[in-house]
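The values are calculated or read from the model by the stated rules, or taken from the named source; none is laboratory data. Everything numeric here is computed off the predicted structure, so don't read it as measured data. Neighbour counts run over all protein chains shown; Cβ positions are idealised from the backbone, glycine included.
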(Lines give C-alpha, C1' and ligand atoms only; values in the text may rest on other atoms or scores of the structure.)
Protein backbone atom coordinates (compact mmCIF):
# COMPACT_ATOMS: atom_id res chain seq x y z
CA UNK A 1 0.00 0.00 0.00
CA UNK A 2 1.12 3.57 -0.68
CA UNK A 3 2.88 5.09 2.32
CA UNK A 4 0.98 8.36 2.46
CA UNK A 5 2.96 10.81 4.61
CA UNK A 6 0.77 13.90 4.41
CA UNK A 7 -1.09 15.95 7.07
CA UNK A 8 -4.55 14.51 6.47
CA UNK A 9 -6.14 14.73 9.90
CA UNK A 10 -9.91 15.12 10.13
CA UNK A 11 -11.55 18.24 11.55
CA UNK A 12 -12.93 17.53 15.02
CA UNK A 13 -16.36 18.92 14.15
CA UNK A 14 -16.76 16.93 10.92
CA UNK A 15 -19.13 14.20 12.04
CA UNK A 16 -22.64 13.34 10.94
CA UNK A 17 -24.12 14.49 14.25
CA UNK A 18 -22.99 18.08 13.64
CA UNK A 19 -24.27 18.30 10.05
CA UNK A 20 -27.60 20.04 9.41
CA UNK A 21 -29.45 17.63 7.09
CA UNK A 22 -32.05 20.07 5.67
CA UNK A 23 -32.48 19.35 1.97
CA UNK A 24 -29.75 16.70 2.00
CA UNK A 25 -31.54 13.82 3.68
CA UNK A 26 -31.14 11.37 0.76
CA UNK A 27 -27.45 12.17 0.40
CA UNK A 28 -26.90 11.83 4.14
CA UNK A 29 -28.54 8.39 4.16
CA UNK A 30 -26.32 7.24 1.28
CA UNK A 31 -23.15 8.46 3.01
CA UNK A 32 -24.10 6.91 6.34
CA UNK A 33 -24.62 3.62 4.54
CA UNK A 34 -21.21 3.99 2.90
CA UNK A 35 -19.63 4.63 6.29
CA UNK A 36 -21.17 1.38 7.53
CA UNK A 37 -19.80 -0.39 4.42
CA UNK A 38 -23.34 -1.07 3.25
CA UNK A 39 -23.28 1.21 0.19
CA UNK A 40 -20.77 0.25 -2.50
CA UNK A 41 -22.16 2.47 -5.26
CA UNK A 42 -20.16 5.51 -4.21
CA UNK A 43 -21.25 9.08 -4.90
CA UNK A 44 -20.33 12.38 -6.56
CA UNK A 45 -21.15 15.36 -4.32
CA UNK A 46 -21.16 18.82 -5.80
CA UNK A 47 -22.26 22.30 -4.87
CA UNK A 48 -21.13 25.77 -3.90
CA UNK A 49 -18.12 26.42 -1.69
CA UNK A 50 -18.69 25.95 2.04
CA UNK A 51 -21.92 23.97 1.69
CA UNK A 52 -20.52 21.07 3.71
CA UNK A 53 -19.01 18.74 1.10
CA UNK A 54 -15.71 18.37 2.95
CA UNK A 55 -17.58 18.01 6.23
CA UNK A 56 -19.58 15.10 4.84
CA UNK A 57 -16.60 13.26 3.35
CA UNK A 58 -14.72 13.59 6.63
CA UNK A 59 -17.80 12.46 8.55
CA UNK A 60 -17.79 9.23 6.53
CA UNK A 61 -14.16 8.65 7.49
CA UNK A 62 -14.76 9.53 11.14
CA UNK A 63 -17.49 6.89 11.33
CA UNK A 64 -15.79 4.23 9.19
CA UNK A 65 -12.44 4.49 10.97
CA UNK A 66 -9.46 2.76 9.39
CA UNK A 67 -11.65 1.32 6.62
CA UNK A 68 -11.82 4.78 5.04
CA UNK A 69 -9.45 7.56 4.02
CA UNK A 70 -10.02 11.25 3.29
CA UNK A 71 -7.84 12.79 0.55
CA UNK A 72 -8.07 16.52 -0.29
CA UNK A 73 -6.71 17.14 -3.78
CA UNK A 74 -5.36 20.55 -2.73
CA UNK A 75 -2.94 18.75 -0.40
CA UNK A 76 -2.21 15.80 -2.68
CA UNK A 77 -1.54 17.61 -5.94
CA UNK A 78 2.05 18.67 -5.27
CA UNK A 79 2.93 15.16 -4.07
CA UNK A 80 2.20 13.79 -7.54
CA UNK A 81 -0.25 11.14 -8.81
CA UNK A 82 1.87 8.25 -7.54
CA UNK A 83 0.51 9.07 -4.09
CA UNK A 84 -2.69 7.25 -5.12
CA UNK A 85 -0.92 3.91 -5.61
CA UNK A 86 -2.22 1.18 -3.34
CA UNK A 87 -5.14 3.17 -1.93
CA UNK A 88 -7.65 0.77 -3.47
CA UNK A 89 -7.12 -1.35 -0.34
CA UNK A 90 -9.37 1.05 1.57
CA UNK A 91 -13.02 0.01 1.68
CA UNK A 92 -14.08 3.65 1.33
CA UNK A 93 -11.99 6.33 -0.37
CA UNK A 94 -13.05 9.98 -0.19
CA UNK A 95 -11.50 12.40 -2.72
CA UNK A 96 -12.20 16.09 -2.10
CA UNK A 97 -12.07 18.76 -4.85
CA UNK A 98 -11.48 16.13 -7.52
CA UNK A 99 -12.03 18.73 -10.27
CA UNK A 100 -8.51 20.03 -9.53
CA UNK A 101 -7.10 16.99 -11.34
CA UNK A 102 -9.08 17.65 -14.53
CA UNK A 103 -6.86 18.38 -17.51
CA UNK A 104 -3.70 16.93 -15.95
CA UNK A 105 -2.90 13.81 -17.98
CA UNK A 106 -0.83 12.07 -15.30
CA UNK A 107 -3.42 12.63 -12.59
CA UNK A 108 -6.26 11.55 -14.84
CA UNK A 109 -4.49 8.28 -15.66
CA UNK A 110 -3.84 7.67 -11.97
CA UNK A 111 -7.49 8.34 -11.11
CA UNK A 112 -8.61 6.02 -13.90
CA UNK A 113 -6.44 3.20 -12.53
CA UNK A 114 -7.64 3.89 -8.99
CA UNK A 115 -11.30 3.87 -10.01
CA UNK A 116 -10.90 0.51 -11.76
CA UNK A 117 -8.94 -1.00 -8.87
CA UNK A 118 -11.59 0.08 -6.36
CA UNK A 119 -14.36 -1.28 -8.58
CA UNK A 120 -12.62 -4.64 -8.94
CA UNK A 121 -12.48 -5.00 -5.16
CA UNK A 122 -16.05 -3.84 -4.67
CA UNK A 123 -14.87 -0.82 -2.70
CA UNK A 124 -16.58 2.55 -2.48
CA UNK A 125 -15.42 5.82 -4.05
CA UNK A 126 -16.86 9.09 -2.77
CA UNK A 127 -15.81 12.32 -4.45
CA UNK A 128 -16.65 15.99 -4.00
CA UNK A 129 -16.37 18.79 -6.55
CA UNK A 130 -17.69 22.27 -7.21
CA UNK A 131 -19.46 21.10 -10.40
CA UNK A 132 -21.34 18.07 -11.72
CA UNK A 133 -19.30 15.29 -13.41
CA UNK A 134 -19.94 16.43 -16.99
CA UNK A 135 -18.83 19.97 -16.14
CA UNK A 136 -15.56 18.94 -14.48
CA UNK A 137 -13.71 19.03 -17.85
CA UNK A 138 -11.84 15.75 -17.60
CA UNK A 139 -9.87 15.19 -20.80
CA UNK A 140 -9.84 11.38 -20.66
CA UNK A 141 -13.21 10.13 -21.95
CA UNK A 142 -12.91 6.77 -20.16
CA UNK A 143 -12.31 8.48 -16.82
CA UNK A 144 -15.22 10.85 -17.32
CA UNK A 145 -17.44 7.94 -18.31
CA UNK A 146 -16.62 6.01 -15.16
CA UNK A 147 -17.03 8.99 -12.85
CA UNK A 148 -20.40 9.70 -14.42
CA UNK A 149 -21.53 6.26 -13.25
CA UNK A 150 -21.41 7.46 -9.66
CA UNK A 151 -24.75 8.54 -8.18
CA UNK A 152 -24.75 12.35 -8.27
CA UNK A 153 -25.97 14.53 -5.40
CA UNK A 154 -26.09 18.30 -5.35
CA UNK A 155 -25.47 19.53 -1.81
CA UNK A 156 -28.31 21.89 -0.95
CA UNK A 157 -27.61 25.40 0.31
CA UNK A 158 -29.20 26.23 3.66
CA UNK A 159 -31.73 29.03 4.07
CA UNK A 160 -31.07 31.80 6.60
CA UNK A 161 -33.19 30.11 9.25
CA UNK A 162 -31.50 26.77 8.58
CA UNK A 163 -28.08 28.43 8.86
CA UNK A 164 -29.03 29.55 12.36
CA UNK A 165 -30.15 26.04 13.27
CA UNK A 166 -26.94 24.58 11.83
CA UNK A 167 -24.87 27.00 13.89
CA UNK A 168 -26.76 26.05 17.04
CA UNK A 169 -26.30 22.37 16.21
CA UNK A 170 -22.55 22.88 15.94
CA UNK A 171 -22.55 24.81 19.22
CA UNK A 172 -24.41 22.02 21.02
CA UNK A 173 -21.96 19.49 19.61
CA UNK A 174 -19.19 21.52 21.27
CA UNK A 175 -21.07 21.76 24.55
CA UNK A 176 -22.10 25.41 24.05
CA UNK A 177 -25.47 27.04 24.48
CA UNK A 178 -26.19 29.44 21.61
CA UNK A 179 -29.49 31.27 22.22
CA UNK A 180 -31.75 32.07 19.27
CA UNK A 181 -31.14 35.79 19.69
CA UNK A 182 -27.38 35.34 19.58
CA UNK A 183 -27.56 33.07 16.54
CA UNK A 184 -29.61 35.70 14.68
CA UNK A 185 -27.12 38.38 15.69
CA UNK A 186 -24.21 36.35 14.33
CA UNK A 187 -25.97 35.82 11.02
CA UNK A 188 -26.43 39.56 10.67
CA UNK A 189 -22.78 40.28 11.48
CA UNK A 190 -20.90 37.62 9.50
CA UNK A 191 -20.63 35.96 6.11
CA UNK A 192 -23.46 33.50 5.62
CA UNK A 193 -21.61 30.30 4.89
CA UNK A 194 -20.91 27.50 7.33
CA UNK A 195 -17.14 27.69 7.03
CA UNK A 196 -17.11 31.34 8.12
CA UNK A 197 -19.71 30.74 10.81
CA UNK A 198 -17.84 27.72 12.20
CA UNK A 199 -14.61 29.73 12.35
CA UNK A 200 -16.41 32.50 14.19
CA UNK A 201 -17.93 30.01 16.61
CA UNK A 202 -14.45 28.63 17.32
CA UNK A 203 -13.32 32.15 18.26
CA UNK A 204 -16.33 32.67 20.52
CA UNK A 205 -15.85 29.27 22.13
CA UNK A 206 -12.27 30.12 23.08
CA UNK A 207 -13.23 33.56 24.39
CA UNK A 208 -16.13 32.11 26.37
CA UNK A 209 -13.88 29.50 27.96
CA UNK A 210 -11.18 32.01 28.91
CA UNK A 211 -13.58 34.59 30.35
CA UNK A 212 -16.18 32.18 31.69
CA UNK A 213 -18.94 34.06 29.87
CA UNK A 214 -22.08 32.83 28.15
CA UNK A 215 -22.69 33.54 24.47
CA UNK A 216 -25.03 36.45 25.00
CA UNK A 217 -25.41 39.20 22.39
CA UNK A 218 -23.44 41.78 24.48
CA UNK A 219 -20.55 39.33 24.98
CA UNK A 220 -20.51 38.32 21.30
CA UNK A 221 -20.57 41.99 20.27
CA UNK A 222 -17.62 42.64 22.58
CA UNK A 223 -15.58 39.76 21.11
CA UNK A 224 -16.39 40.78 17.53
CA UNK A 225 -15.31 44.37 18.20
CA UNK A 226 -12.05 43.16 19.74
CA UNK A 227 -11.42 40.85 16.79
CA UNK A 228 -12.07 43.67 14.34
CA UNK A 229 -9.69 45.97 16.24
CA UNK A 230 -6.96 43.31 16.27
CA UNK A 231 -7.21 42.59 12.55
CA UNK A 232 -7.53 46.20 11.38
Some residue of region 154-161 being at pLDDT 95 or above and closer than 30 Å to residue 92 by Cα: yes
Entirely in region 29-126, the helices (runs of 4 or more DSSP H) that have 3 or more residues that are in contact with a strand residue (DSSP E or B) (Cβ under 7 Å, 6 or more places away or on another chain) and farther than 16 Å from residue 152 by Cβ: 53-64
Residue 88 being under 24 Å from residue 65 (Cβ atoms), surrounded by 14 or more Cβ atoms within 10 Å (Cβ to Cβ) and at pLDDT 95 or above: yes
Lone unmet requirement of (1) out of contact with any helix residue (DSSP H, G or I) (no Cβ under 7 Å at 6 or more places or on another chain); (2) surrounded by 14 or more Cβ atoms within 10 Å (Cβ to Cβ); (3) under 30 Å from residue 224 (Cβ atoms) for residue 172: (2)
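Quick grid of which residues meet (1) at pLDDT 90 or above; (2) farther than 21 Å from residue 163 by Cα; (3) more than 25 Å from the chain's Cα centre (by Cα):
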| site | (1), (2), (3) |
| --- | --- |
| 190 | no, no, no |
| 203 | yes, no, no |
| 220 | yes, no, yes |
| 229 | no, yes, yes |
